[in-house]
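First up is the structure itself, then whatever we jot down about it.
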Amino acid sequence: MKPLEGIKVVELATYLAAPSCARTMADWGADVIKIEPPQGDIYRIMGVAQRVPNIGDNNPVYDNENVNKKFIALNLKDPAGTEVLMKLLEDADVFVTNTRPKALKKLGLSYEDLKDRFPRLIHASVLGYGEKGPDKDRPAFDYTTFYARTGMMADLPQKNQDVMNTIPGLGDHVVGSILLSGICAALYARTITGKGDCVDAGLYQAGIYAMSNGMLMANFGREMPRTRYELNNPISNTYKCKDGEWVYLAATAYDKQWPLLCEKVFKRQDLLDNPEYATIAKVTKHAPDVAHILDDIFATEDSTYWLDLFAEYDIPHERVAHYKDIAHDEQAWANNYIREETYPTGEKVVFTNTPVNFASITEEAPFKLAPVTGGNTREVLAAAGYSNEEIDKLAESGAIKVVDK
């Protein structure tokens with residue numbers, strides 16, 4: 001039995017954060033019903049904008065957040081469509097949404113609107129800037145709210161460089177995972193109290209949390225952004241090798257590991273004999289000079305040479321990899337962090353698995369691709385007690401969209 005078997009989730013969400021949360025719940029056994037407008041989730045077309053082509057009726061970017069769900073299409077501007085949603089919430093355990101609070105209230109789907117009608121329901125929201133304050137109603141994306149507002153975009157790059165140009169989804173997946181933890185806690189509390197709860201997680205909140213050490217250091221006078229040479233420990237730093245690739249050397253126990261590096265790896269007795277570099281307390285004053293010396297040393301050999309030596313002497317390190325490398329990483333395959341799926345067209349795509357493992361789950365999670373918009377509407381409504389005649393009538397009125405294949 002999977003951890004969330006028997007849990008029913010209704011998702012009213014688009015883009016990444018809330019859908020990624022619901023996708024993980026589906027992987028863990030929950031019955032997830034995703035609601036789209038009749039014209040379809042706007043995120044269905046975003047993959048092409050990210051230069052990931054459609055494969056038949058699907059796009060891998062959309063599937064990555066939405067596999068293993070059932071999809072229905074409701075027109076929530078039509079009272080009949082809203083009433084269908086209310087019918088689905090009658091026996092739902094969790095309602096997941098990233099609809100902005102004002103719009104949610106207008107639809108009658110805020111926590112205050114639903115809590116008395118569905119007292120056991122967990123109302124789970126992804127917010128942008130939070131429920132209060134002058135920016136509570138602003139539109140929010142991970143680029144703007146998670147990256148730009150929190151200092152990541154400006155302070156993570158090297159000093160005097162452009163701000164960081166990042167990928168979509170990092171903030172969304174962080175928020176989705178945080179929201180999931182809150183949902184699971186609320187579900188546990190409900191087993192004791194019998195009552196639902198309101199759970200929310202915000203992009204700005206999650207970004208501040210993720211960057212909390214940066215905020216603390218800055219508030220105590222550490223200037224950001226900084227260069228590779230503004231450091232305390234020169235053997236905990238990145239270095240560029242002869243082949244143009246970078247390695248991250250993470251020898252944080254300086255007093256113990258500096259002698260080992262000098263003798264066995266760098267083969268530089270002169271560095272070991274220099275009293276100014278002997279301890280972390282002393283080298284801090286000279287860390288930029290040592291970093292420049294190590295730049296020259298690393299540039300004499302390819303990255304594989306250094307990586308092999310660090311591995312031989314059990315010194316913490318890592319190759320600075322590229323996104324394209326992950327699909328070929330033996331470690332990722334060995335631990336089932338990634339998986340290959342074959343589309344009906346025969347094209348193969350490597351996806352990530354959701355990032356928690358359970359000893360009780362020995363089989364791989366299914367990977368049921370998203371159908372076309374409205375592809376499961378008839379199935380879901382029939383299970384909710386609607387007759388075929390009632391479903392057809394709702395479809396004819398425009399309250400729902402049904403695609404029978």
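Determine whether the stretch 52-61 contains at least one residue that is part of a helix (DSSP H, G or I) and assigned by TED's automatic domain parsing to the domain that holds G171. The answer is yes; a qualifying residue exists.
Number of residues in the stretch 147-164 that are outside any loop (DSSP other than H, G, I, E, B), touching a Phe, Trp or Tyr at 6+ places or on another chain (Cβ under 7 Å) and touching a residue at least 40 places away in the same chain (Cβ under 8 Å): the value is 0. Within the stretch 314-372, being acidic (D, E) and touching a residue at least 24 places away in the same chain (Cβ under 8 Å) holds for E318, E341, E347, E364.
Residues that are part of a helix (DSSP H, G or I) and without any contact (Cβ under 8 Å) to a residue 12 or more places away in the chain were ranked within the stretch 210-238; the one that is nearest to E318 (Cα to Cα) is N213.
Taking the stretch 284-337 as the range and being among the β-branched types (V, I, T), over 34 Å from the mean Cα position of the chain (by Cα) and outside any loop (DSSP other than H, G, I, E, B) as the test, the residues that pass are T284, V290, I293, I297. Within the stretch 18-54, the set of residues being among the aliphatic types (A, V, I, L, M) and at pLDDT below 95 comprises I42, I45, M46, V48, A49, V52. From the list I192, I167, the one residue that fits, being of a type outside the set (D, E, K, R), surrounded by fewer than 17 Cβ atoms within 10 Å (Cβ to Cβ) and assigned to a loop (DSSP other than H, G, I, E, B), is I167.
No other residue among G176, G214 is under 30 Å from S125 (Cα atoms) and at pLDDT below 95 apart from G214. Filtered by the rule that a residue be touching a residue at least 60 places away in the same chain (Cβ under 8 Å) and surrounded by 13 or more Cβ atoms within 10 Å (Cβ to Cβ), the stretch 373-385 gives T373, G374, G375, N376, T377, E379, V380, L381, A384. The condition (being over 30 Å from E83 (Cα atoms), of a type in the set (F, W, Y) and modelled with pLDDT of 95 or more) is satisfied by just one residue among Y209, Y188: Y209. For the stretch 47-58, filtering for residues that are without any contact (Cβ under 8 Å) to a residue 60 or more places away in the chain and closer than 14 Å to L16 by Cα leaves 1.
Residues are listed down the side, and each one gets a yes or a no for (1) over 16 Å from A124 (Cβ atoms); (2) of a type in the set (V, I, T); (3) surrounded by 17 or more Cβ atoms within 10 Å (Cβ to Cβ):
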site: K136; (1), (2), (3): yes, no, no
site: G151; (1), (2), (3): yes, no, yes
site: D172; (1), (2), (3): no, no, yes
site: L180; (1), (2), (3): no, no, yes
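The values are calculated or read from the model by the stated rules, or taken from the named source; none is laboratory data. Just so it is clear, the structure is predicted and the values come from calculations on it, not from any experiment. Neighbour counts run over all protein chains shown; Cβ positions are idealised from the backbone, glycine included.
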